[in-house]
Amino acid sequence: MDNQQPIGIFDSGVGGLSVLRILEKKLPEENYIYFGDTARAPYGNRSQSEIRRFNLEIGKWLLSCGCKMLLVACHTSTVLGMDAIREETEVPVIGMMEAVLAGAFATDGEGDSPIGFIATSGTVRSGAYQKAFAEKAPERAFYAQDCPDFVPLVEQGIAEGPAVERSIEAYLTPMRDAGVRTLILGCTHYPFLQAAITSFLGPGVRVVDPADALADMVKAYLVAKSMRNEASGSEGGSRRFYCSGDTERFQIVGGLMLGRPIEEAGRRSF
Ligand code: DGL
């Protein structure tokens, strides 16, 4: 395996770009291939068997592109079927739940204040996070809430304004009233709404984007296995973008979310 081989990242759409933007800061020298399954988004209400099939299709394709590591930058895909990819390959496959448990979920200094967790309906329904948190911090109340309007808003390029504020109020008022002090963003689309969420909840609530912990995990792994790309020079590694739907739309919305233009995107459908 060559260290210059890319890291493959995927999500149902533009959400995983919230993970890529953090990776670009912490590991700029790596080469990345990003895939957004925009033709089949949202994933939030799909069955487990569909998600497993999508994971396999996308995972195998990314492996055929020569990826040295795969990042499942989608909580729904992670909890409903990441093992489907792991069974196919020796290449490391890292998902969002590991990131939440490794770092985003810091109990220190927060006493026994309740934890809020927001995600897609599929992730919340799976009960995977509820179970993991109950094992890790049984003494703390844990509120999980699905927010099905958030992903369609972000996929339309809408991250602020009245529609965003209305849905935030509807979903998060019960958590605010319950005294939640930590809110974990359990869907990779949600960090794009972080400013609006923080403004609704106020400064006393820590809003956690698990992408930070994921990037730290990836870095530690690459260092431990001597897999870091040291060949890309000061301008950083390459980025290639693909999606299964309209490429122009992906470039526009993805560029908006990423905060810089996506010059080119290829189409890959399954
Ligand atoms: N961004 C995804 C996640 O983290 C999925 C969103 C969706 O397509 O519903 O769960």
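When the convex hull of the Cα atoms of the stretch 119-270 is projected onto a plane and the area is averaged over all directions, what value comes out in nm²?
12.2 nm²
Just the projected area, averaged over all directions, of the convex hull on the alpha carbon atoms of the stretch 11-90: how many nm²?
Taking the Cα atoms of the stretch 11-90, their convex hull projects to 5.1 nm² on average.
Once R0 is set to 25 Å, what does the formula 1/(1 + (r/R0)^6) return for the Cβ-Cβ distance between Thr198 and Asp83, expressed as a FRET efficiency to the nearest 0.05?
Result of the calculation: an efficiency of 0.15.
To the nearest Å, what is the center-to-center distance of the stretch 53-90 and the stretch 177-224, using C-alpha atoms only?
Here the two parts' Cα centres lie 23 Å apart.
Towards the positive end of the charge dipole of the stretch 1-72, with charges on Cβ (+1 Lys, Arg; -1 Asp, Glu), say which of Leu56, Met69, Phe35 has the farthest Cα.
Farthest towards the positive pole: Leu56.
Going through the DSSP H helices of the chain, which span 18 Å or more along their own axis at the Cα atoms while scoring at least -0.5 as a mean Kyte-Doolittle hydropathy?
Helices passing the filter in the chain: 48-64, 162-177, 211-224.
With unit charges on the beta carbons (Lys and Arg positive, Asp and Glu negative) and the dipole taken about the Cα centre of the chain, which residue among Gly202, Tyr190, Phe241 sits farthest to the positive side?
The residue sitting most towards the positive pole is Phe241.
With all distinct Cα pairs included, what does the Kirkwood hydrodynamic radius of the stretch 38-168 come out to in Å, to one decimal, could you say?
16.3 Å
Which is farthest toward the positive dipole end of the chain among Ala265, Ile158, Phe117, measuring Cα position about the Cα centre, with Cβ charges +1 (Lys, Arg) and -1 (Asp, Glu)?
Selected residue: Ala265.
Could you tally up the Lys pairs in the chain with alpha carbons closer than 20 Å? Skip any pair fewer than 8 positions apart unless they're on separate chains.
Final tally of qualifying lysine pairs is 8.
At 10 °C and 1.306 mPa s, grab the translational diffusion coefficient of the chain from Stokes-Einstein with a Kirkwood Rh over Cα pairs, rounded to a whole number in µm² per second.
My calculation gives 85 µm²/s for D.
So, with +1 on the Cβ of K and R and -1 on the Cβ of D and E, and no other charges, what is the size of the charge dipole of the stretch 197-246 about its Cα centre, to the nearest 20 debye?
160 debye
Counting Lys and Arg as +1 and Asp and Glu as -1, each charge on the Cβ, what is the dipole of the chain about the Cα centre in debye, to the nearest 20?
Dipole size: approximately 260 debye.
With a sphere of radius 13 Å drawn around the Cβ of Leu56, what net charge do the other residues whose Cβ falls strictly inside it have (Lys, Arg +1; Asp, Glu -1)?
-2
Nothing charged except the Cβ atoms of Lys and Arg (+1) and of Asp and Glu (-1): what's the magnitude of the dipole of the stretch 1-141 about its Cα centre? Round to the nearest 20 debye.
Using only the charged Cβ atoms, the result is roughly 400 debye.
Please find, in a Gaussian network model of the chain (springs between Cα atoms separated by less than 10 Å), the residue of Glu235, Glu98, Glu248 whose mean-square fluctuation is greatest.
It is Glu235.
Given the rule -39500 (n - 2.57) for each run of at least 4 DSSP H residues, summed and divided by the residues of the chain, what is its mean residue ellipticity at 222 nm, to the nearest 500 deg cm²/dmol?
-12500 deg cm²/dmol
Each reported figure results from applying straightforward, stated rules to the coordinates on display, with no laboratory input. Computed from a predicted structure; not experimentally measured. In this analysis, Cβ positions are derived from the backbone assuming ideal geometry, glycine residues included, and neighbour counts consider all displayed protein chains.
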